[in-house]
Amino acid sequence: MYKVYLVGYMGSGKSAIGRRLSFALKLPYYDMDKEIEKQMNMSISEIFATYGEEYFRDLETKFLKEFRDEQCIISTGGGVAMREENRRIMKRTGLVFHLCASFPFIWVRIAKDKRRPIVQRSTKEELESLYYYRRKYYFQAAHINIKTDGMTLRQVTETLAFHYKRLKSE
Ligand code: S3P
């Protein structure tokens, strides 16, 4: 077990939990979207608008392939688990948690979002079908699935830290 990856749909709490888990486990934290933005010196929306989504997906795969060899926590973007290659890299190089929230919980968090290009261009119905389409890939990507509905950030963080320590001591 080396890195800890957080996967899940947009608004499932990957970044908020990633930061807290990093503090709890005393491991460095990286937000994949932010790292890509730094590398490109552009926002995710600008990358989508200038180069298109496929290009952004290639940047995500490149990030996973080339990211430094370091024990750390990484929150991934909501589309990362869609590629088989990405799922393989994450499973091989770390422990993958799926933060699994049901769509009504997600919707409350993303409805007013101004930052995510996919939310900007989609209706609620489209986001809900994308959610159901993607779910199976998050399950395929993950070693452990955590159902987060009704849990506080603190409870989710403690649950992840518990699993991490349990697996580390095995
Ligand atoms: C995306 C999710 C975003 C970001 C990009 C595309 C997606 O990350 O990578 O806007 O396809 O689900 P978050 O899941 O952190 O919002």
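Residues in the range 30-80 that are of a type in the set (Gly, Ala, Ser) and within 16 Å of the chain's Cα centre (by Cα) were compared, and the one that is farthest from the ligand (Cβ to nearest atom) is SER75. Has the range 96-106 got at least one residue that is farther than 17 Å from VAL7 by Cα and not basic (Lys, Arg)? Yes; the residues of the range 96-106 include at least one that is farther than 17 Å from VAL7 by Cα and not basic (Lys, Arg).
For the range 83-102, the set of residues classified as surrounded by fewer than 16 Cβ atoms within 10 Å (Cβ to Cβ), assigned to a helix (DSSP H, G or I) and touching a residue at least 12 places away in the same chain (Cβ under 8 Å) consists of GLU85, LYS91, listed by residue number.
Listed by first and then second residue, the pairs with beta-carbon distance under 8 Å, at least 6 apart or on different chains, first residue in the range 146-165 and under 13 Å from VAL4 (Cβ atoms), second modelled with pLDDT under 95 and not hydroxyl-bearing (Ser, Thr, Tyr), are TYR164/MET1.
Assessment of the range 108-128 against the conditions (more than 26 Å from THR50 (Cα to Cα), within 14 Å of the ligand (Cβ to nearest atom) and either touching a residue at least 60 places away in the same chain (Cβ under 8 Å) or among the hydroxyl-bearing types (Ser, Thr, Tyr) (or both)) yields at least one matching residue. Each residue in the range 129-151 was checked for being assigned to a helix (DSSP H, G or I) and either at pLDDT below 95 or small (Gly, Ala, Ser) (or both), and 2 pass.
If we scan the range 83-105, do we find a residue that is within 11 Å of the ligand (Cβ to nearest atom) and touching a Phe, Trp or Tyr at 6+ places or on another chain (Cβ under 7 Å)? No - not one qualifying residue is present in the range 83-105. For the range 15-29, the candidate set comprises residues that are farther than 17 Å from GLY79 by Cβ and within 12 Å of the ligand (Cβ to nearest atom); within that set, the residue that is surrounded by the most Cβ atoms within 10 Å (Cβ to Cβ) is ILE17.
The values are calculated or read from the model by the stated rules, or taken from the named source; none is laboratory data. This structure is a prediction, so every number in the text was calculated from the model and none was measured. Using ideal geometry, Cβ is built from the backbone for each residue, glycine included, and neighbour counts are taken over all protein chains shown.
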